[in-house]
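No lab work stands behind these numbers, since they all come straight from the coordinates. Computed from a prediction, not measured in an experiment: that's the story for all the values here. A quick note on method: Cβ atoms are made from the backbone with ideal geometry, for glycine too, and the neighbour counts reach across all protein chains shown.
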Amino acid sequence: MGGFFAVASKESCVMDLFFGTDYHSHLGTKRGGMAVYGENGFNRSIHNIQNSPFRTKFDKDVEELEGNLGIGCISDFEPQPLLVHSHLGSFAITTVGRINNVDELVKDCFEFGHTHFLEMSGGSINPTEITAALINQKSTIAEGLANVQEKVNGSMTVIVLTPEGIYASRDRLGRTPVIIGKKENAFCASFESFAYLNLGYQDYKELGPGEIVYITPDEVKTLKEPGEEMKICSFLWVYYGYPTSTYEGVNVEKMRYACGRQLAKRDSEEPDSVAGIPDSGVPHAIGYANEAGIPYERPFIKYTPTWPRSFMPTNQAQRNLIAKMKLIPVHELINDKKLLLIDDSIVRGTQLGETTEFLYESGAKEVHIRTACPPLLFGCKYLNFSRSSSEMDLITRRIIQRREGEVTKELLEDYANPDSENYKAMVEEIRKELNFTSLKFHRLDDMVEAIGISPCKLCTYCWNGKE
């Protein structure tokens, strides 16, 4: 998906920027970048981080970068930040989000007088470059950021570095967060709220949906007031967000405990132990175990020194292999045991199916699976959560099509209803295909209750198709 960190300081911003950006490494898999402005103007560095951590790639850059204003990013796809020179002056820009109407916006830019875009590998256009072009259609950067919010179909949170200060623009419906931190002589803007705490910053404010602010070392000035409507992504709490982060006043780890408790309250299974699929399933499993009074154990351990993230390779087969290789079974906790495992979600099902098989091979008597969210029925239209090119990559959609042939909106609504016969049949098909002893998904109403903010402020599109 991607993450960002920005610093405006009266002193050198480089070390804060380096560590603050590094703390977002869990949000992206392909590239990292930093740009600063100092006495010698703009300086920028971008590296591929697919096979090496952010820190190791940028160690030398830290010694060379100089400035008191800077932005950094972690990206799944495109190289960022970009350096731009236009009638608005020179600026650096980084974005988090997704543009669905790329062709429309490119045509709009050409009609407005934009002459060309650079193509990335595969012929696609960097969405951050499109965003910069939309900003440059207006007479000020603030007006340009509002133009982006108005024209982008999808979502686009934008950070812009200028010689005088930093602009932060949260996407129009607040699908992703922007949090401001403050310490003496400096402010920062961050996707993850925890990223600045060890750097000495304190919570200052969380931007509202569509809010635009201008940040200098002295102040944070609101240029566009937040909107009333919000659709923050629920999956941030379920999976993507780091455990120590807080969005809209709700801590991720605390929500996951509550999520697990809700799962346990609706379950009657009596396993020998409860375990979480590392790492995101672990807090859900702790909440479940505490509520159910069943021992929490670790029947397999994640080997992280060389493969910290199973989704780093771009090839799906490689990701599946790495996911299998990094989970090391503890035979003594598996053999002849009835295990209940909690995962954050089931997407394709391949990795979880292979995990179940090696548990059986290690002597497990039963393997019961629970997921911390409802069945995923729709591909996300608003954020780059998945590398899937088709909704048919979802195991749910493959099973529904196999059962129904033609899939309609009305059918999907019925399959999303946990009380319908179609839903129950779909879950049973998934259970049989992946060879689980039993399978239960979290109910959407329970998951929303575990988050604890108004349901109308949450995006739940990937589960129920409602925008």
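Listed values, structure above:
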quantity: Dipole of the chain [Lys/Arg +1, Asp/Glu -1 at C-beta], most positive-end residue of Gly281, Ile93, Ile294; calculated: Ile294
quantity: Net length gained if the chain between Thr216 and Arg402 were fully extended (0.36 nm per residue, minus Cα distance); calculated: 61.3 nm
quantity: Assigned charges on the beta-carbon of Lys, Arg, Asp, Glu; segment 3-230 dipole about Cα centre (debye); calculated: 240
quantity: Segment Arg266-Lys205, extension gain: residue separation times 0.36 nm, minus the distance between their alpha carbons; calculated: 18.2 nm
quantity: Three-way shape call for segment 220-280 based on the alpha-carbon gyration tensor, with the a/c threshold at 1.5; calculated: prolate
quantity: Sequence-distant residues sharing a close amide H with Glu192 (under 5 Å, placed H); calculated: Phe4
quantity: Packing-based order for 241-247, 132-138, 42-48, 4-10, using average beta carbon neighbours within 10 Å, highest first; calculated: 4-10, 132-138, 241-247, 42-48
quantity: Simple spin-label estimate for Glu421 and Tyr360 in nanometres, 7 Å along Cα-Cβ; calculated: 2.9
quantity: Residue order, fewest to most surrounding Cβ atoms within 10 angstrom, among Val158, Val238, Val448; calculated: Val448, Val238, Val158
quantity: Using a Förster distance of 22 Å, the FRET efficiency for Leu118-His85 (Cβ separation, nearest 0.05); calculated: 0.95
quantity: Amide H partners (placed H, <5 Å) of Tyr247, local residues excluded; calculated: Val252
quantity: Cα-centre dipole for the chain with unit charges at Cβ (Lys and Arg positive, Asp and Glu negative), debye to 20; calculated: 560
quantity: Loop-located trypsin sites (Lys or Arg not before Pro) in segment 219-299, at most 16 other Cβ atoms within 10 Å (DSSP); calculated: Arg266
quantity: Ranking of Phe358, Phe18 by count of other Cβ atoms within 10 Å, fewest first; calculated: Phe358, Phe18
quantity: Value of relative contact order over the chain, rounded to a whole percent, pairs C-alpha under 8 Å and six or more apart; calculated: 12
quantity: Under 5 Å, built H, 5+ apart or other chain: amide partners of Phe300; calculated: Val330
quantity: Listed residue (Gln50, Gly72, Ser12) projecting farthest to the positive dipole end of segment 1-98, Cβ model; calculated: Gln50
quantity: Mean separation of Cα contacts under 8 Å, 6 or more apart, over the residue count of segment 3-230: relative contact order %; calculated: 20
quantity: Extension gain (nm, one decimal) between Glu143 and Glu111, 0.36 nm per residue minus Cα-Cα; calculated: 9.6 nm
quantity: Simple Cβ-charge dipole of segment 1-133, Lys/Arg +1 and Asp/Glu -1, about Cα centre, in debye nearest 20; calculated: 240
quantity: Whole-Hz couplings from phi, Karplus 6.51/-1.76/1.60, listed for segment 29-46; x for Gly and Pro; calculated: 10, 10, 9, x, x, 9, 9, 10, 10, x, 4, 9, x, 7, 9, 9, 9, 10
quantity: Mean Cα-pair separation over length for segment 253-464, i.e. relative contact order, pairs under 8 Å, 6 or more apart, %; calculated: 21
quantity: P(r) tail fraction, the chain - alpha-carbon pairs more than 36 Å apart, %; calculated: 31
quantity: For segment 224-230, 3J(HN,Hα) per residue [Karplus equation, 6.51 cos²θ - 1.76 cosθ + 1.60, θ = phi - 60°, Hz, x = Gly/Pro]; calculated: 9, 5, x, x, 7, 7, 9
